[in-house]
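The values are calculated or read from the model by the stated rules, or taken from the named source; none is laboratory data. This one's a predicted model, so the numbers in the text were calculated from it and none came from an experiment. Cβ placement follows ideal geometry from the backbone for every residue including glycine, while neighbour counts extend to all protein chains displayed.
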Amino acid sequence: MKALTWQGKRKVSVETVPDPKIEAANDAIIEVTSTAICGSDLHLYEVLGPFMEPGDVIGHEPMGRVVEAGPSSNLSEGDRVVIPFTIACGSCWMCDRGLYSQCETTQVKEYGSGAKLFGYSKLYGSVPGAQAEYLRVPHADFGPIKVGEDLPDHRYLFLSDVLPTAWQAVQYADVGEGDALAVFGLGPIGQMCARIGRHLGARVFGIDPVPERRAMAQRHGVEVFDYTDETNDAIRDATDGRGPDGVVDAVGMEAHGSPLGKAAHQAVGLLPDALSEPLMEKAGVDRLAALHSSLDLVRRGGAVSLSGVYGGEADPMPMLTLFDKQIQLRAGQCNVKAWIDDLLPLVEDSSDPLGVDDLVTHRVPLDEAPGAYEMFQKKEDDCIKVVLDPKAES
Ligand SMILES: NC(=O)c1ccc[n+]([C@@H]2O[C@H](COP(=O)([O-])OP(=O)(O)OC[C@H]3O[C@@H](n4cnc5c(N)ncnc54)[C@H](O)[C@@H]3O)[C@@H](O)[C@H]2O)c1
Ligand SMILES: [Zn+2]
Ligand SMILES: [Zn+2]
């Protein structure tokens with residue numbers, strides 16, 4: 001079959017790889033009909049290279065049709081399914097508590113990581129990914145979400161990652177009716193965080209340096225801002241000087257820091273110079289620009305929800321701010337299945353309350369994936385979300 005493979009830093013290619021086969025009684029094989037590129041794939045493309053092998057198949061946002069179902073998989077040939085990006089057993093101590101991304105059956109103990117993920121490096125189990133014609137789905141007795149036949153793929157596809165990730169992020173930011181929410185980063189995750197915030201009755205501020213991403217958010221009732229040194233003050237002014245009740249960081253470790261980023265500099269400024277300089281160089285405070293801005297912006301006693309992926313082990317955190325402002329901080333990989341009962345009715349609702357019809361900017365054949373990665377990473381051609389179609393000819 002054809003699949004998108006990692007070949008080196010900023011280098012991916014479509015190659016012919018062996019077809020996947022059933023390996024356990026609860027496996028299933030699906031023929032992929034739609035499979036998206038995610039901001040998380042850009043971390044593999046850029047900084048997670050040391051944990052990748054040339055030839056690894058990437059991708060973790062698929063849906064398709066079952067072509068082979070293991071005898072204890074709960075699925076039948078022909079079922080239309082969305083596959084969550086986190087692989088969980090559904091019945092261990094963690095799964096019993098809804099913490100599916102920490103599943104103790106699939107945890108990657110060798111690297112001290114949580115549950116296995118599709119197509120996400122050795123750190124997450126080297127499971128062949130989903131930007132491919134076919135996918136082996138382990139634990140198919142629990143993971144796959146069966147969906148109806150009437151709506152197009154893009155209505156359901158984002159149940160694999162974007163929608164539950166955004167839903168969890170907003171839950172962790174602890175906002176609802178009448179609250180104020182700020183979202184840093186208006187990529188697909190931030191877009192959906194902002195819309196979910198609006199759906200739950202919050203006033204939502206969205207911050208992103210990219211104009212077309214701000215324009216998309218604005219179409220969905222979000223008050224938008226560029227990322228500048230004045231942004232946090234402007235949002236504070238709009239919230240009685242206190243700051244929003246909850247803030248989501250939907251940027252992650254490839255943040256574009258403003259070199260004069262006030263919050264980041266304030267944070268480093270808390271350290272003596274001799275210490276802060278090497279820290280700036282080695283740990284790259286710039287990468288944490290959005291996180292530091294989130295901590296600066298949230299009101300006292302509010303919640304910061306980290307949905308962007310961070311990887312540093314020695315990143316400096318502004319402990320004084322965290323402590324003094326009494327900030328609640330929650331983070332983590334999404335527990336996809338925990339939120340599907342909330343989300344499925346919303347994506348099937350004909351009034352499209354989360355605006356799922358307005359997210360995909362590009363649908364291209366799988367063969368064109370390398371160019372699509374480059375376009376998405378460089379944010380060319382107003383690219384916000386790319387869906388790959390393994391069945392289309394280029
Ligand atoms: N927790 C999870 O389970 C989970 C799941 C999926 C994705 N993610 C992570 O969420 C993050 C967002 O994913 P995405 O697909 O939306 O990616 P994306 O790369 O499309 O979006 C990131 C956005 O942040 C913006 N940005 C960069 N620096 C900024 C700054 N300083 N302030 C404000 N905005 C800034 C960029 O312009 C871009 O629009 C990534 O880190 C991804 O790995 C986490
Ligand atoms: Zn993803
Ligand atoms: Zn489990």
Within 22 Å of Leu344 (Cα to Cα), modelled with pLDDT of 95 or more, of a type outside the set (Gly, Ala, Ser) and touching a Ser or Thr at 6+ places or on another chain (Cβ under 7 Å): is that true of Asp161 in this structure? no
Spot the failing condition for Phe376; the list is (1) out of contact with any Cys (no Cβ under 8 Å at 6 or more places or on another chain); (2) at pLDDT 95 or above; (3) under 28 Å from Gln168 (Cβ atoms); (4) not in a loop (DSSP other than H, G, I, E, B), and only one is missed. (1)
Kindly provide the set of residues from segment 226-249 that are within 11 Å of Gly302 (Cβ to Cβ), surrounded by 16 or more Cβ atoms within 10 Å (Cβ to Cβ) and not hydrophobic (A, V, I, L, M, F, W, C), ordered by number. Thr239, Gly243, Pro244, Asp245, Gly246
Subset of segment 39-55 that is modelled with pLDDT of 85 or more and of a type in the set (A, V, I, L, M) - its residue that is farthest from ligand 3 (Cβ to nearest atom): Leu42
Test for Leu123: is it in contact with a helix residue (DSSP H, G or I) (Cβ under 6 Å, 6 or more places away or on another chain), modelled with pLDDT under 95 and either part of a helix (DSSP H, G or I) or β-branched (Val, Ile, Thr) (or both): yes
On the basis of being more than 16 Å from ligand 1 (Cβ to nearest atom) and over 30 Å from Pro353 (Cβ atoms), does Arg136 make the cut? yes
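Residue-wise test of (1) within 17 Å of Arg219 (Cβ to Cβ); (2) surrounded by fewer than 23 Cβ atoms within 10 Å (Cβ to Cβ).
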| site | (1), (2) |
| --- | --- |
| Glu149 | no, yes |
| Asp153 | no, yes |
| Thr165 | no, no |
| Glu177 | no, yes |
| Ala180 | no, no |
| Gln191 | yes, no |
| Ala194 | yes, no |
Which fully enclosed strands (runs of 3 or more DSSP E) of segment 280-372 have 3 or more residues being surrounded by fewer than 20 Cβ atoms within 10 Å (Cβ to Cβ) and not basic (Lys, Arg)? 328-331, 362-365
Looking at the structure I just gave you, is Lys109 more than 16 Å from ligand 1 (Cβ to nearest atom) and either crowded, with 21+ Cβ neighbours inside 10 Å or more than 21 Å from the chain's Cα centre (by Cα) (or both)? yes
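Against the definition (away from ligand 2 (no atom under 14 Å from the Cβ) and part of a loop (DSSP other than H, G, I, E, B)), how does Gly98 come out, yes or no? It would help to see each step written out before you state the result.
Values: away from ligand 2 (no atom under 14 Å from the Cβ): yes; part of a loop (DSSP other than H, G, I, E, B): yes.
So Gly98 fits the description; yes.
Conditions tested, residue by residue: (1) free of Cβ contacts under 8 Å to residues at least 12 places away in the same chain; (2) more than 30 Å from Arg287 (Cβ to Cβ); (3) within 16 Å of ligand 2 (Cβ to nearest atom).
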| site | (1), (2), (3) |
| --- | --- |
| Pro138 | no, yes, no |
| Gly148 | no, yes, no |
| Tyr172 | no, no, no |
| Gln191 | no, no, yes |
| His199 | no, yes, no |
| Asn232 | no, no, no |
His60 vs. criteria within 15 Å of ligand 1 (Cβ to nearest atom) and surrounded by 24 or more Cβ atoms within 10 Å (Cβ to Cβ): yes
Of the residues in segment 64-94, how many are more than 14 Å from Ile29 (Cβ to Cβ), among the hydrophobic types (A, V, I, L, M, F, W, C) and away from ligand 1 (no atom under 16 Å from the Cβ)? 3
Does Val137 fit the bill of being more than 19 Å from Lys21 (Cβ to Cβ), β-branched (Val, Ile, Thr) and at pLDDT 95 or above? no
Looking only at residues in segment 299-358 that are among the polar types (S, T, N, Q) and under 25 Å from His43 (Cα atoms), which one is modelled with the lowest pLDDT? Ser307
Taking segment 41-69 as the search range and keeping residues that are out of contact with any Gly (no Cβ under 8 Å at 6 or more places or on another chain) and of a type in the set (Gly, Ala, Ser), which one is farthest from ligand 2 (Cβ to nearest atom)? Ala69
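Residues to consider are Gly90, Gly98; find the one that is over 25 Å from Cys193 (Cβ atoms), touching a residue at least 40 places away in the same chain (Cβ under 8 Å) and either within 11 Å of ligand 3 (Cβ to nearest atom) or not assigned by TED's automatic domain parsing to the domain that holds Met63 (or both).
None of the other options fit; the residue is Gly90.
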